[in-house]
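Here is the structure we will look at.
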Amino acid sequence: MIKLGKNHLRWCFRCNLPIMEAKTCPVCGAETSATELTPPADSRPGFDFDIQRARDMADRCFGEGCGKAMIPDGHIVIMNKAPAIDRMEEVFCDGTCVATERFDLGAGWRFIIRTQGAMRISKVMTKGYVILNPDAVPFVQENKNLMAPGVLDADPGIQIDDEVIMILENRTVIGTGVAKMTGKDMKEQNRGFAVKTRWHKPEEPVVSDICHTWDDVVEANRAIIEKRRDEAIKFVHDTMKTYSDLPAVVSFSGGKDSLATMLITMDAGVDTPPMFVNTGLELDETVKYVHDFAERHKLKLIEQEPPENAFYGNLVYFGPPAKDYRWCCKTNKLGPTVAAITKNFPDGVLSFIGQRKYESEARHDKPRVWKNPWTPGQIGASPIQNWAAMHVWLYIFYKKEPFNFWYAHGLDRIGCFMCPASDMADLDTVKAASSRYPEWDRYLSEYSEKRGMPEEWKKYGLWRWKSAPQATKDEIKRVTGKDVPPMKPTKEADAADDGPVAVKIQDGYSPCTMGYSVEAALSRPIDLKVLEPFTHAMSWVPRLNEADGNLEANFTTFYADGAIITKAHAKADADKNMDQAVQIIARAFNCVGCGLCAARCEEHALYMENGKVHVHGDQCIFCMKCYGPCPAVNFAPAAKTEEKEFEN
């Protein structure tokens, strides 16, 4: 994982305070140290929910009281998301990493104790310990695995794959690792692989008796918070002066970044009402928060919703949205955004948006002011483009502004309640606490049952992709022993395999991915082996993946279950790709036998037989002269479906 910006989080170990940016502590003048965060290093405060979860996991693994020994009351906790198959967070207390929490598919949260955490709990732990023979210590510290002869004693309750702490008889921590035999076997057997060493390098313990509140942290960082605020205020004034002919708003989602942006414009003393695009898929608490915020500050809220049943109605055509098939961004986010601007600001608008470069690689490379080509009349500008998440939170704490309920209850990002871009960890959190999730859960059950998909498709969140990444497939196979199957068509659709194919298209900018894409849904599944020869007209080397049920050609992916997606940097390119894809579909499955495309093919790769066009794929030279007028395209069937609409 690459860094998306400088790690601004430092620590004063004399004061036991997190310090942003400054190499000298503003409180005591001591030198501060960089906090060793795993990239992308966009850390955040640990809320009571986070602290309690970490403590509970420590207690379960190592015995009652270990949680509070690891994270004492009144100590500042920092959470840092790290790369993982699904979700992983580092837990920092007193400026040092004491544990890692990893969400494993199918198993849930796993607690991984770090050396500093192990040293904090070693004197109180009653479970998960392995006592070493001193002769084994050098091997562990060289990152070699612990063999059974090196074990003097062990917790008999240890099971294979449990996290363990390796100690001496006097409770000195030597390392941590993963059990590869039970504690009972470690004690009784004289051979075999006992513990796979994980953390092994000797460290000096980092401890402090100094307690703080987040108000103390804000006060210590007041100068940098106000410096960041003042620069952002100047940016707002300068940008409004540059675009003085346009009214200004704040794109307000109810998330922390849009909240900070809204507060900046309020501090700037400018008239920028919040504009809330209510996608219809928001968490109930988010909608309430947005309304409460506007009422509390006596602001006129501009709110726009999508057309009725924009999401569930389109599920009939497109099926579940996915990370690589985000049709919902167009129907429920882009469409309402355009509608709100057209209705309220027909001559254009300047939108202050809570975009930060630390959020993603796409946002990292975006300018601070931009013209949105997919939202006519909108100029976007980000006052907090260069802020890290910790800057945002400290500013919110500085303003003493209430924030969205979900941040303090397990989520680090706020969006649609069933967003396919979510980690399974987040979806589990929402499922457990939101009244909205049961309707989606029921839809997924009905959808997978109708297509004969195995339980893993829903259980492990495979609906979140059209083509799941290999790392996810490998992880699921490791857990279940099964290969990940491609999506199966419905039985009803199988019966129509010889019928014409209708196409329904959603195009436009995807606000969630910061790019342009066009998604299409076909009225029935397609045989990719039939389609593949025709796609030579789109790409020199089409790539057919029968195992995963997809075919790639010229930045366009066709799926056997009847979906198509194409992506591009420019709208014209994406539209051109989809137009070619539609013509290819018509040629392969809807041919009316006119022969126009074959007549245009000078290489005679296309030929007519039995009233239909056929192709010698290897003879196609990618000249693209076959594209042009086609009755099968111009008079294509309407996109209809017999599938019963899901009632939400």
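Readers should treat all values here as calculations from the given coordinates under stated rules, not as data from a laboratory. The model shown is predicted, which means the values in this text are computed figures rather than measured ones. Virtual Cβ from ideal backbone geometry, glycine too; neighbours counted across all protein chains shown.
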Scalar couplings 3J(HN,Hα) for segment 112-117 by Karplus 6.51 cos²θ - 1.76 cosθ + 1.60 (θ = phi - 60°), nearest whole Hz, x for Gly and Pro, are 10, 6, 9, 4, 5, x
antiparallel share of DSSP beta bridges within segment 9-199, to nearest 5, in %, is 95 percent
Checked against a 22 Å limit on the C-alpha separation, the offending pairs among LYS6/LYS81; LYS241/LYS371; LYS6/LYS400 are LYS6/LYS400
Expressed in Å to one decimal, the Kirkwood Rh of segment 535-636 from all distinct alpha-carbon pairs is 14.1 Å
Here, trypsin sites (Lys or Arg not before Pro) of segment 399-464 satisfying both criteria (DSSP loop; at most 10 other Cβ within 10 Å) are LYS400
On the formula 1/(1 + (r/R0)^6), with r taken between the Cβ atoms of ASP579 and GLU203 and R0 of 60 Å, the FRET efficiency rounded to 0.05 is 0.50
Taking a straight Cα-to-Cα line shorter than 16 Å from LYS184, and setting aside same-chain aspartates and glutamates fewer than 8 residues away, one finds ASP153, ASP155, ASP161, ASP162, GLU163
Neighbour-count ranking for LEU334, LEU299, LEU259, LEU315 (other C-beta within 10 angstrom, fewest to most) reads LEU299, LEU315, LEU334, LEU259
Counting only residues 5 or more apart in sequence or on a different chain, those whose built amide H sits under 5 Å from that of ALA563 are LEU522
The size of the Cβ-based charge dipole (Lys, Arg +1; Asp, Glu -1) of the chain about the Cα centre, to the nearest 20 debye, is 800 debye
A correct fewest-to-most ranking of TYR607, TYR407 by other Cβ atoms within 10 Å would be TYR607, TYR407
The Cα radius of gyration of segment 221-450, divided by 2.2 N^0.38 Å with N its residue count, comes to 1.03
By the C-alpha gyration tensor axes a ≥ b ≥ c (rounded if a/c is under 1.5, else prolate when a/b exceeds b/c, else oblate), the shape of segment 85-213 is oblate
To the nearest 10 degrees, the tilt of helix 470-480 (Cα long axis) against the first principal axis of the alpha carbons of the chain is 70 degrees
Restricted to the chain, the DSSP antiparallel beta bridge percent, nearest 5, is 85 percent
The answer for ARG114, listing residues at least 5 apart or on another chain whose modeled amide H is closer than 5 Å to its amide H, is ALA99, THR100
Of the listed links LYS357/LYS431; LYS196/LYS473; LYS330/LYS459; LYS529/LYS612; LYS300/LYS330; LYS127/LYS187, those spanning more than 20 angstrom between alpha carbons are LYS357/LYS431; LYS196/LYS473; LYS330/LYS459; LYS300/LYS330
Placing each pseudo-label 7 Å from Cα in the direction of the beta carbon, ASN309 and GLU446 end up separated by a distance in nanometres of 1.2 nm
The size of the Cβ-based charge dipole (Lys, Arg +1; Asp, Glu -1) of segment 492-634 about the Cα centre, to the nearest 20 debye, is 460 debye
Taking 0.36 nm per residue of separation between TRP540 and TYR243 and subtracting their Cα-Cα distance, the length gained on full extension comes to 102.3 nm
Low-density loop trypsin sites (Lys or Arg not before Pro), segment 281-315, at most 16 other Cβ within 10 Å, DSSP non-H/G/I/E/B, are LYS298, LYS300
In degrees, nearest 10, the alpha-carbon axis of helix 48-62 is tilted away from the dominant principal axis of the alpha carbons of the chain by 70 degrees
Unit-weight point scatterers at every alpha-carbon of segment 1-117, Debye formula, q = 0.14, 0.16, 0.18, 0.22 1/Å: log10 I(q)/I(0) is -0.59, -0.76, -0.93, -1.25
Residues whose modelled amide H sits under 5 Å from the amide H of ILE167, counting only those 5 or more places away in sequence or on another chain, are VAL130, ILE131, LEU132, ILE174
Phi-derived 3J(HN,Hα) across segment 376-383 with the Karplus relation (6.51, -1.76, 1.60, θ = phi - 60°), rounded Hz, x for Gly and Pro, is x, x, 9, 9, x, 8, 10, x
For segment 26-98, listing GluC sites (Glu not before Pro) in a DSSP loop whose Cβ sees at most 14 other Cβ atoms within 10 Å gives GLU64
Counted neighbours (other Cβ, 10 Å), sorted fewest up, put TRP440, TRP465 in the order TRP465, TRP440
Taking 0.36 nm per residue of separation between THR126 and GLU231 and subtracting their Cα-Cα distance, the length gained on full extension comes to 32.6 nm
Relative to the chain, whose Cα atoms define the longest principal axis, helix 571-589 and its Cα axis are tilted in degrees, nearest 10, by 60 degrees
Reviewing (1) 32.0, 103; (2) 28.7, 96; (3) 28.6, 88, the figure for Rg and Dmax of the Cα atoms in Å actually calculated from this model sits under (3)
